[in-house]
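Reading through the structure tokens given below for one structure.
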Amino acid sequence: MSAREVAAKVREMAKADRITFSRHARQRMGERGFTVENVKYMLSHNTRAVASGETEWEIYGRDNDGNDTKVVVAIRHNIVVITVV
């Protein structure tokens with residue numbers, strides 16, 4: 001899949017609430033002040049995707065509070081959020 005296709009797929013899956021958060025992602029969200037709603041909004045409205053290794057993607061956008069956000073995900077049956085930066 002191209003980066004553009006991944007960004008569109010992530011938006012589609014996020015809007016359908018097909019998101020799973022890893023334990024690590026939830027820990028980082030707490031440390032960095034992000035809520036589940038912040039991350040869901042950003043994934044639903046992301047602006048771009050960049051490959052990060054063979055199976056992971058960096059997704060960029062703004063959350064519902066207007067904060068620039070990067071979320072690292074893997075796409076399986078659901079979006080698996082690996083970490084939030």
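The values are calculated or read from the model by the stated rules, or taken from the named source; none is laboratory data. These figures come from a predicted structure and were not determined experimentally. With ideal geometry, Cβ positions are generated from the backbone for all residues, glycine too; neighbour counts draw on all protein chains shown.
Structure notes:
- For the range 50-84, the candidate set comprises residues that are surrounded by 18 or more Cβ atoms within 10 Å (Cβ to Cβ) and touching an Asp or Glu at 6+ places or on another chain (Cβ under 6 Å); within that set, the residue that is nearest to residue 8 (Cα to Cα) is 72.
- Pick from the range 18-49, criterion β-branched (Val, Ile, Thr), touching a helix residue (DSSP H, G or I) at 6+ places or on another chain (Cβ under 9 Å) and surrounded by 13 or more Cβ atoms within 10 Å (Cβ to Cβ), ranking: farthest from residue 5 (Cα to Cα): 35
- Answer residue from the range 50-69, given it is closer than 23 Å to residue 3 by Cβ and in contact (Cβ under 8 Å) with a residue 24 or more places away in the chain and is nearest to the chain's Cα centre (by Cα) among those: 59
Every residue, every condition in (1) within 18 Å of residue 77 (Cα to Cα); (2) among the acidic types (Asp, Glu); (3) in contact with a Ser or Thr (Cβ under 9 Å, 6 or more places away or on another chain); (4) modelled with pLDDT of 95 or more, yes or no:
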| position | (1), (2), (3), (4) |
| --- | --- |
| 4 | no, no, no, yes |
| 47 | no, no, no, no |
| 50 | no, no, no, yes |
| 54 | yes, yes, no, no |
